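The values are calculated or read from the model by the stated rules, or taken from the named source; none is laboratory data. In this text, all values refer to a predicted model and were calculated from it rather than measured experimentally. Here the Cβ positions follow ideal geometry from the backbone for every residue, glycine too, while neighbour counts run over all protein chains shown.
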Amino acid sequence: MKEAHHDEGHGHEEGHGHGTKYKFGMVIDLDKCTGCGACMVACMAENNIPFRKEDTNNRLTQNFWMRVYKISNGLPFPDTEISYIPRPCQHCEGHGHHAATPCVSVCPATATDYSEETGIVSQIYTRCFGCRYCMAACPYHVRVFNWWDARWPKGMEKYLNPDVSPRMRGVVEKCSFCFHRFQRARNKAYAEGRRELREDEYQTACTQACPAGAITFGDLQNPEHKVHKLKDSPYAFRLLEKLGTNPKVYYLSQRDWVRKAADVYMGEEGKDVFPG
Amino acid sequence: MKLGRRTFIELAVGFAAGAGAGFMATPVNWKLMDDMAIWTQNWPWVPVPDRGAVTQADTICKLCPGGCGITVRKVEDRATKIEGRVGYPVNDGGICVLGTAGLQLLYGPWRVPAPMKRVGKRGAGKWEKISWEAAIGEVVGKLGDLRNNGQAHKVACVLGSDQGTVAQLFDRFLSSYGSPNFICTTSSEDTYELATGLMEGVAASRAYDLEGADFILSFGCGLIEGWGSPVRVIQAHSIWRSGNANERATVVQIEPRLSNTAGKADQWIAINPGTEGALALGLAHVIIKESLYDSNFIEKHAFGFENCAFAGKTCMGFKELVLNEYNPDAVSKITGIPGSKIVSLALAFAKAKHPLAVWGRGKGTTSGSLYECMAVHALNALVGNINKRGGVSARPQLATRQWPEVPQDNVAIAGNRMPRVDGAGSGQYPLTRYLPDRLPQIINGQNGGAIEALLVHEADPYYTTLDSAAVAEAFDRIPFVVSFSTYFDETANQADLILPNHHYLERWEDCPTPVGLRNPVLALLRPAVSPQFNTRHVGDVIMEIGRDLGGSMSEAFAWESYEALLEETMGDKWDTLQETGYVEEKGYEPPAWGKAFQTASRKFEFYVTAFDQAGMKMKEDQDYLPHYEPLEPEGDPAAYPLTLIPTELMRLADGAVGNPPFCIKTLEETELKGDELFVEVNPKTAGDHGLSEGQPAILETPRGKAQVLVHLFEGIMPGVVGIPKGLGHQAYDDYLAGKGVNANSLMGVVEDPVSGLCATWGIRAKLTRA
Amino acid sequence: MDSATVPFDSALIPEGVKRCQLKWFLFWMALLHGPLMIGVLSYLMCWGLALNVTYLNNNFPFGLWIAADLGVIALGGGAFFTGFLRYVLDIDDLKHIVNFAVVIGFICYLAAQGILGVDIGQPLRGWFIFWHANVHSMLTEVAFCITCYFSVLCVEYLPLLLENRQINKLGFFHGMAHHLHGAMPTIAAIGVFLSCFHQGSLGGVPGVLYGRPFAYREGLLIWPWTFFLFILSAMACGPCFTILITRITEGFARKQLVKRNVIDILAKISGRMLLVYLVLKTLDTLYWISTAAKVGAPFKSFYSTAPYGIWVLIAEIGIFGYIPLVILLKKEWRQNDFFLLLACLLNCTGIFMNRWIMTVQTLVLPVMPFDKAVGYHPNWVEWASTLMWLWLGAIFISLSYRYLPIFSQERELNPT
Ligand SMILES: Nc1nc2c(c(=O)[nH]1)N[C@H]1C(S)=C(S)[C@@H](COP(=O)(O)OP(=O)(O)OC[C@H]3O[C@@H](n4cnc5c(=O)[nH]c(N)nc54)[C@H](O)[C@@H]3O)O[C@H]1N2
Ligand SMILES: Nc1nc2c(c(=O)[nH]1)N[C@H]1C(S)=C(S)[C@@H](COP(=O)(O)OP(=O)(O)OC[C@H]3O[C@@H](n4cnc5c(=O)[nH]c(N)nc54)[C@H](O)[C@@H]3O)O[C@H]1N2
Ligand code: SF4
Ligand code: SF4
Ligand code: SF4
Ligand code: SF4
Ligand code: SF4
Ligand SMILES: [Mo]
């Protein structure tokens, strides 16, 4: 398979008469992450993610955009260790050129797209017709399908966020890097005559909520953004790097076994990593 | 003819094609397609949130004692998101799972929509909406009768906290009414306050300078499960991880199970459950033996380290006790930790620049052993980090304006002279303020009649108290139960009347410094949204009940409204509070050693002289000193070969507030599956009992029995079973009710011999295949 | 003929052939409608209550439906391939079975589209695939080609329908049938072209999933290997499926309908296609083992999730591949009735298994090392809605057989 190409940080480019070009990404410090779950709930609250009492905490049918995985080194008591891996959409750049993001290239209805302006993989709920091909294409289980009609208990629809439309049944959805927040920030900047967003102007809901400050979000290409430097740490890695999906979410851990958990397929090599 | 037919066919085909093309050219089909696209997006049951002006409201989260500052994002009059308040001294922008899900509690079906009067049997959930006048009238009628019949002292209030004006109002209510039974649910905080009072002579809350410490020795504290003020502690944890401008801190977690805290720690020390106190003393042994203690502090500011003269005789000091009794070998036998590990841990702790030992098992939901707490506190004293940077201190609250003396008529005076129903503050337990966990035994033991009326505010004793069967029986014996709960929680479910308080996002209230914070902070809850239901502020309601009871009680509540009372009480801080939401004493420094201690010796007392002052009869010298006194878990080891310990999870609220749907959704699939709860068992133990992953099993303790599923976890000590706290609700809604088992129903109360507080850390159990 | 044995609907029945009494036929129809109605119910449940009534979930966006879809399209490949052999390569004897191949193909493609109609979450938006087409998506290509090819099948089926005794009496329809017959070589050629594309693209559907090393195949030209493998496998199993259904039909009709030499031609060609397919499939498997290892997915890891052990590979290629291959290639064996049917059955099963493996097993295997493997077992709704097409197919064949002159050799083989 083709080598995933690392982009050298070119610095952020001012577009040619168009908007500024960004390449938004995340660096998640797994040594800081406590597995508390605030990012999951913040995402649910921000993005009007439904819940269904019959499904309780079923990972196969409940709707998560952010999902925190618990992993263990599998060693017996008392040498056991655990860690958590928060997993938003990796906003894969893919390898090759146009539309090579795994999920984007397969969508027959162009309902999901890779934005060259932001690096964000979008999802258009009103265009998706629910074939779920994109879900099969994503190795990270990022995409979720609306298996049922989203309904809120009476009165609870009051808390819904008008910036994110609630989805209808039968369509696929996923983490958008809180794109609506980008839109708001960009509109505000434009209104103030600025073309470029400051780092703190656009932050995702999970980043903002994380009590441990484990998530850092920003423009990977912009040397002034924290993620730019963090992603080059010797402890940085990405999930399933070898597949060439080229994610824009990086992870940090000083623990060898945790880093190893990222890039081995199940079986032989991956013997030392287990679902927690 | 043949040709004609062909022509005809060609014409027909041509016509059909033409008609098709013609149709395609009309707008009809395009309109139909467009409509179809729109229909499929606008099912009437898919809500479309209204747009509008976006505003922010800052207030305080009340879902746990953490007291985080929150910013509520609003669209017109709807609250649409809760976020951590940036720059707030407790949590600077951070928030926890529960806090984030607060809007589900605000708008959810578990809200009590109006005053409710029970019409069915208790717990049947059959209610009738009544007016506020009628509801208050009922309470006044009942309490009036009791007062007239000389039974005022048989009225009790149970609250979640004694801090702030609302708690003070309840206290005032009882004082003017004539009952000593102002009771708060307790936590490890109460034990630490007691320890601080005994060893330092000050009545204050314990505060830790977590951010300034570089070696954290945690005696089972759920530092990232929700301990102290949960977000603040997690933020401190991240500081430890990334290095506080200099080096990464070292975190050592001592507990029998690999909790998240243990998982994140630099070192996890798996200890036999319940033996933490022995380990603390073993560490003290090494530190003393190696002379690694802070000699300046010990020599000048401590009493009872060396053997000393007290009460006319020479008493054994801490040093001798520890050197004699707690050598690494002895401690190793108790704790199961190798002696060499004890030595190296003690050396690392004592040699760190800012070592800090923290205490309070899990989330601190049970009060714990007093001597264990004192032993850990003694470790801090040994390394001299009392009131120091990176250390532990006693923190006062910011002063607010005092209220006028409570007017008391004869009935009130007589009632207040009666002993407290929970036995706190006198007799066997003179030092303790509240002993709520004893109530079920006392009530059931007296065969009723102990409490005639119970008022419950911001507590859910029916759910949170250990030994649910005894609690249920006790409730049956209380003739009149009133709940002020915002939600249909378990206690409200058992009440005769519910007088619902506003939700915390709908009301004004003061919020004193949250647990563990070093600097005193006074914060103000300011309504972010208008009341969604026919609720009333509990402060107004309790004052109105008081006034309606008449006589001297009317005088006790002369304020126009709770808001007026709040403004008056906050005094000169009111304007700032109203404007910014909080006041922080930024430059606060705990007093220096010379002035810090108010004990009889004016020193830090290893040897506690206050026991005698309180009239407690201690048998031996060691009873005055931090020492290890095993608190045996209930049950016969022969019949119950395993030990059940509660496990606490960050994503699962186990206090009075039920876990909202968002949080339930985040539980691991190895914790809850559908309605079934998992207990954690080491694969070895499971093997011994013929159990495998996911298997149904019967978990039985001397207190109860439940069906559970088994989850094999290498991170739990063999022989120990872990059960998550916070499930098994019967109240709220079926988003929560009926899911899992209430861990409290399987445990009983083990009283600490000195404080009488609940010191249960586990119970013997057996696990059999279902 | 004795009037008592003349069926009530004899006027509609082709001349010179014998059919059972109408009451028996209606009884048979009613019998098939039982399970069909369960299928209809499952459809209504999926459309009315949303897809949470199935076992499908976020780990299994694809399940029985998609595997069946790929399967029936492969099995329906008999239509285009027989058409190709008959009309393009001009193997004349095949004209005696090409009609039935078309009927089978028609049902298969109808089923494929019908299943997609319940599988997609928003059936009313199904047309977005054409409207907002993404040319990079294999599924877009599949959708276009399948719809076009289905139209071709309709046009191929139409003359059969028009040859019904009563319809054919109308001069217009008679002429139309005649002209359509004349145009058949062209139509068949178009069909072959379309089929190759969508069979190939279906192979591309799993084959391009580079996030799923188990399914992913490197490209040859611009397509992944699976593109070619799917075309070849359809050619290899389509004729066998035609044979199988023909023999089953003969079993129900209790008479021979097609001469054995015709069937033998199909079997022989099927065997040769299977040979080509298996050689390439074996090479592909070897190459795939090496490429997958490069991305950290050792071969063994693909077969370490129960129940998907190494037996899967052995069964698919060995038992369901090489065994029928040998039978089909060896004249004496394939001319033995039992062995022929066995070979056809094994061959079709193997191809169906391949489609299941490429979709469902692909999804069963976790890619992230810390992800848990989850099993997939379709629930009754999925089974009922899938099998519904089997019952519908049986009804369709029964009607076609009763009222249309599908089998040109029937009269000759069964003189009255
Ligand atoms: N996500 C989530 N978060 C939760 C909960 C939940 O269920 N889910 N539960 C909440 C609940 S109910 C609780 S009780 C809390 C736990 O919070 P609390 O029970 O309110 O406080 P403790 O956790 O007991 O604090 C642990 C112990 O540490 C010591 N301590 C810490 N700081 C100080 C201090 O400044 N002064 C003194 N004197 N002692 C101090 C005390 O001995 C105290 O008993 O967690 C809360 N947070
Ligand atoms: N056995 C056992 N004993 C325990 C504990 C335990 O877990 N187990 N926990 C201990 C601990 S740590 C604590 S903190 C105490 C806490 O005691 P808890 O009983 O856990 O009290 P809180 O968590 O403070 O919250 C309490 C009550 O206030 C209500 N409430 C919450 N918000 C509002 C509001 O806005 N308005 C109104 N009217 N009501 C509101 C809830 O419905 C609930 O009835 O119990 C202690 N005792
Ligand atoms: S993580 Fe999955 S959904 Fe997200 S861009 Fe990558 S392939 Fe697509
Ligand atoms: S499910 Fe929706 S987004 Fe995914 S591939 Fe199909 S149409 Fe595209
Ligand atoms: S970036 Fe936004 S959408 Fe994505 S996981 Fe975080 S909160 Fe959810
Ligand atoms: S909020 Fe932060 S600490 Fe909590 S699980 Fe998410 S990333 Fe980890
Ligand atoms: S830690 Fe406590 S106070 Fe803070 S947000 Fe969470 S529940 Fe609210
Ligand atoms: Mo609590």
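Observations on the model:
- Of the residues C:LYS255, C:LYS300, C:LYS281, C:LYS268, the single one that is over 20 Å from A:ALA136 (Cα atoms) and outside any helix (DSSP H, G or I) is C:LYS255.
- Of B:THR191, B:THR185, B:THR261, all but one fail to be under 16 Å from B:VAL392 (Cα atoms), β-branched (Val, Ile, Thr) and under 20 Å from the mean Cα position of the chain (by Cα); the exception is B:THR191.
- Within the range A:23-68, being outside any loop (DSSP other than H, G, I, E, B) and within 16 Å of ligand 1 (Cβ to nearest atom) holds for A:ALA38, A:CYS39, A:MET40, A:VAL41, A:ALA42, A:MET44, A:ALA45, A:VAL68.
- Number of residues in the range C:294-341 that are surrounded by 15 or more Cβ atoms within 10 Å (Cβ to Cβ) and more than 16 Å from C:SER270 (Cβ to Cβ) equals 17.
- Number of residues in the range A:86-110 that are outside any helix (DSSP H, G or I), modelled with pLDDT of 90 or more and within 7 Å of chain C (Cβ to nearest Cβ) equals 4.
- Boolean, A:TRP152 is modelled with pLDDT under 95 and within 8 Å of another protein chain (Cβ to nearest Cβ): yes
- Enumerated strands (runs of 3 or more DSSP E) restricted to the range B:185-268, each holding at least 1 residues that are of a type in the set (Gly, Ala, Ser) and touching a residue at least 24 places away in the same chain (Cβ under 8 Å): B:205-208, B:215-221
- Residue tally, condition away from chain B (no Cβ under 14 Å) and outside any loop (DSSP other than H, G, I, E, B), over the range A:226-259: 12
- Counting the residues of the range B:721-746 that are within 16 Å of ligand 8 (Cβ to nearest atom) and either within 30 Å of B:ASP623 (Cα to Cα) or among the charged types (D, E, K, R) (or both) gives 1.
- Within the range A:40-65, the residues that satisfy the criterion of being within 16 Å of ligand 3 (Cβ to nearest atom) and away from chain C (no Cβ under 14 Å) are A:CYS43, A:ASN47.
- For the range A:169-225, taking the residues that are among the aliphatic types (A, V, I, L, M) and over 21 Å from A:ALA42 (Cα atoms), the one that is nearest to the other protein chains (Cβ to nearest Cβ) is identified as A:VAL171.
- Test: residue in the range B:150-171 that is within 16 Å of ligand 2 (Cβ to nearest atom), buried (at least 24 other Cβ atoms within 10 Å of the Cβ), under 16 Å from the mean Cα position of the chain (by Cα) and small (Gly, Ala, Ser): no
- Residue in the range B:460-477 that is within 29 Å of B:VAL583 (Cβ to Cβ), away from chain A (no Cβ under 14 Å) and more than 16 Å from ligand 4 (Cβ to nearest atom) present: no
- Being within 30 Å of B:LYS126 (Cα to Cα), touching a His at 6+ places or on another chain (Cβ under 6 Å), without any contact (Cβ under 8 Å) to a residue 60 or more places away in the chain and surrounded by fewer than 24 Cβ atoms within 10 Å (Cβ to Cβ) is not true of B:ALA706.
- Matching residues, the range C:5-33, being part of a helix (DSSP H, G or I) and free of Cβ contacts under 8 Å to residues at least 40 places away in the same chain: C:THR5, C:SER10, C:LEU22, C:LYS23, C:TRP24, C:LEU26, C:PHE27, C:ALA30, C:LEU31
- Only a single item in (1) modelled with pLDDT under 85; (2) under 22 Å from the mean Cα position of the chain (by Cα); (3) more than 14 Å from chain A (Cβ to nearest Cβ) is not met by C:CYS145, and it is number (3).
- Unique residue being in contact with a strand residue (DSSP E or B) (Cβ under 9 Å, 6 or more places away or on another chain), modelled with pLDDT of 85 or more and within 12 Å of chain A (Cβ to nearest Cβ) when the list is C:GLY121, C:GLY117: C:GLY121
- Members of the range A:172-209 found to be within 16 Å of ligand 6 (Cβ to nearest atom) and assigned to a loop (DSSP other than H, G, I, E, B), listed by number: A:CYS175, A:PHE177, A:CYS178, A:GLN203, A:THR204
- Flag set for B:VAL90, criterion: closer than 24 Å to B:VAL521 by Cβ, more than 8 Å from chain A (Cβ to nearest Cβ), touching a Pro at 6+ places or on another chain (Cβ under 7 Å) and touching a residue at least 12 places away in the same chain (Cβ under 8 Å).
- Residue in the range B:357-364 that is in a loop (DSSP other than H, G, I, E, B) and buried (at least 23 other Cβ atoms within 10 Å of the Cβ) present: yes
- Those residues of the range C:208-218 which are touching a residue at least 60 places away in the same chain (Cβ under 8 Å) and either facing chain A (nearest Cβ under 7 Å) or among the small types (Gly, Ala, Ser) (or both), in sequence order: C:VAL208, C:LEU209, C:GLY211, C:ARG212, C:PRO213, C:ALA215
- Of the numbered criteria (1) buried (at least 23 other Cβ atoms within 10 Å of the Cβ); (2) among the small types (Gly, Ala, Ser); (3) on the phi < 0 side of the Ramachandran plot, the one B:ALA203 fails is (1).
- Screening the range B:94-119 for residues that are more than 7 Å from chain A (Cβ to nearest Cβ) and farther than 21 Å from B:TYR735 by Cα and picking the one that is surrounded by the fewest Cβ atoms within 10 Å (Cβ to Cβ) gives B:VAL119.
- Scan of the range B:407-430 for residues that are surrounded by fewer than 19 Cβ atoms within 10 Å (Cβ to Cβ) and not polar (S, T, N, Q), ordered by number: B:PRO407, B:ASP409, B:ILE413, B:ALA414, B:ARG417, B:MET418, B:PRO419, B:GLY423, B:GLY425, B:GLY427, B:PRO430
- Where helices (runs of 4 or more DSSP H) fall wholly inside the range B:428-527, the ranges with 3 or more residues that are touching a helix residue (DSSP H, G or I) at 6+ places or on another chain (Cβ under 7 Å) are B:439-445, B:461-464, B:468-476.
- Scope the range A:132-174; condition among the hydrophobic types (A, V, I, L, M, F, W, C) and more than 14 Å from ligand 4 (Cβ to nearest atom); matching residues: A:TRP148, A:ALA150, A:TRP152, A:MET156, A:LEU160, A:VAL164
- The set of residues in the range B:465-505 that are of a type in the set (D, E, K, R) and without any contact (Cβ under 8 Å) to a residue 60 or more places away in the chain comprises B:GLU473, B:ARG477.
- Residue within the range A:100-116 that is more than 16 Å from ligand 8 (Cβ to nearest atom) and more than 15 Å from C:SER137 (Cβ to Cβ) present: yes
- Hey, C:LEU139 away from ligand 5 (no atom under 16 Å from the Cβ), at pLDDT 90 or above and facing chain A (nearest Cβ under 9 Å) or not: no
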